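First up is the structure itself, then whatever we jot down about it.
Every read-out reported here was derived from the displayed coordinates using simple, explicitly stated rules and does not represent laboratory data. Just so we're clear, the structure is a prediction, and the values are computed from it rather than from any experiment. Ideal geometry is used to build each Cβ from the backbone, glycine not excepted, and the neighbour counts take in all protein chains shown.
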Amino acid sequence: MRVGRLKLKLQLVCGDGFAIGPGKADILEAIDREGSISAAGRALGMSYRRAWLLVDEMNRCFCEKVIETQKGGSTEQGARLTDLGRLVLEAYRSLEEQSAGLTDGPAYARLVSALRDEPLPSKSPR
């Protein structure tokens, strides 16, 4: 059993939404690998609509598009990361790696030293 495992979820806020977070980084990687929004969604087990909404929000939050889509003949269809999309993905993954190092510090050690192995039973009202 792992006691005191630290789980962080990094999200970059944009207005009332999020410009990028773990799911959006995953969709960027999947689009880069699969070459289309629909194939990326399928690879991640999500609907095309959900994948498209994630891409749309990212494109609206950043100063330039992070994903470009192409419509047309079968050889021209698809989606690709822009240069900014690659930069955003790389920077986000770098922040994730940096945050993993937080468990090496004294604040984390203090928290873990005060943590029980298991929570106490709930005191439900009678």
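When both residues are 6+ apart or on different chains and their Cβ atoms are under 9 Å apart, which pairs have a first residue that lies in the stretch 14-42 and is among the hydroxyl-bearing types (Ser, Thr, Tyr), and a second that is in a helix (DSSP H, G or I)?
That search, which allows pairs on different chains as well, returns Ser38/Tyr48; Ser38/Ala51; Ser38/Trp52.
Go through (1) touching a strand residue (DSSP E or B) at 6+ places or on another chain (Cβ under 7 Å); (2) without any contact (Cβ under 8 Å) to a residue 60 or more places away in the chain one by one and return the number of the condition Tyr92 breaks.
(2)
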